[in-house]
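Enquirer: I'd like to ask you about the structure that follows.
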Amino acid sequence: MRTQKKITNKKTFDLNHILEKNPEATVEWKLRLSLTKEIKKCLKEQGVTVTEMAIKAKTSRARIARILQDNTTGISIDVLLKVLWACGRTVNISYSKSRVLQNNHS
């Protein structure tokens, strides 16, 4: 069995390079990470159980449990948003120019 080398990195675009993903996947990863962190924070603040949140968000307990374990693979962004809204949170989205596009036009 081959052992895997653990890679630790804090910058998203460096992580993008390491994982050989495209910039669009990196943006999605950042969005999922942000939504997941806020969901976990919200559930902790409110002291809500997984079952209670699943009922409020009209989703399964398994999905809520996976979100709390930072495993959002296969969970759509709209489900993450539903859970946040069920927590009483709103989401604000802002846009900026892509560094990739800026670098390509230099």
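Enquirer: Tally time: how many residues in segment 11-35 are touching a Ser or Thr at 6+ places or on another chain (Cβ under 6 Å) and either at pLDDT 95 or above or closer than 17 Å to SER76 by Cα (or both)? If you could, list the steps in order and put the result at the bottom.
Expert: In the first step, residues of segment 11-35 are kept if they are touching a Ser or Thr at 6+ places or on another chain (Cβ under 6 Å); the result is 12, 16, 26, 30, 32.
Those still in the list that are either at pLDDT 95 or above or closer than 17 Å to SER76 by Cα (or both) too: 26, 30, 32.
Going through segment 11-35 one residue at a time, the tally reaches 3.
Enquirer: Just give me the residues in segment 37-48 being of a type outside the set (Val, Ile, Thr) and in contact with a Lys or Arg (Cβ under 8 Å, 6 or more places away or on another chain), in sequence order. Break it down into steps so the answer makes sense when it comes.
Expert: First, pick out the residues of segment 37-48 that are of a type outside the set (Val, Ile, Thr): 37-38, 40-47.
If the condition is that a residue be of a type outside the set (Val, Ile, Thr) and in contact with a Lys or Arg (Cβ under 8 Å, 6 or more places away or on another chain), then GLU38, CYS42 are the ones that fit.
Enquirer: Considering (1) surrounded by fewer than 13 Cβ atoms within 10 Å (Cβ to Cβ); (2) among the β-branched types (Val, Ile, Thr); (3) at pLDDT 70 or above, say which one THR8 fails and leave the rest.
Expert: Unmet condition: (3).
Enquirer: Scan segment 49-76 for residues that are touching a residue at least 24 places away in the same chain (Cβ under 8 Å), surrounded by 13 or more Cβ atoms within 10 Å (Cβ to Cβ) and touching a Lys or Arg at 6+ places or on another chain (Cβ under 9 Å) and report the count. Outline the logic, then answer.
Expert: From segment 49-76, those touching a residue at least 24 places away in the same chain (Cβ under 8 Å) are 53, 56-59, 67-68, 70, 72; that's our starting set.
Add one more test, that the residue is surrounded by 13 or more Cβ atoms within 10 Å (Cβ to Cβ), and what stays is 53, 56-57, 59, 67-68, 72.
Now restrict to residues that are touching a Lys or Arg at 6+ places or on another chain (Cβ under 9 Å): 53, 57, 59, 67-68, 72.
Summing the residues that are touching a residue at least 24 places away in the same chain (Cβ under 8 Å), surrounded by 13 or more Cβ atoms within 10 Å (Cβ to Cβ) and touching a Lys or Arg at 6+ places or on another chain (Cβ under 9 Å) in segment 49-76 gives 6.
Enquirer: Oh, and also: If you go through segment 48-63 one residue at a time, do you hit one that is outside any helix (DSSP H, G or I), small (Gly, Ala, Ser) and at pLDDT below 90?
Expert: There is no residue in segment 48-63 that is outside any helix (DSSP H, G or I), small (Gly, Ala, Ser) and at pLDDT below 90.
The values are calculated or read from the model by the stated rules, or taken from the named source; none is laboratory data. Because the structure is predicted, anything quoted here is derived from the model rather than measured. Positions of Cβ are backbone-derived with ideal geometry, glycine not excepted, and every protein chain shown enters the neighbour counts.
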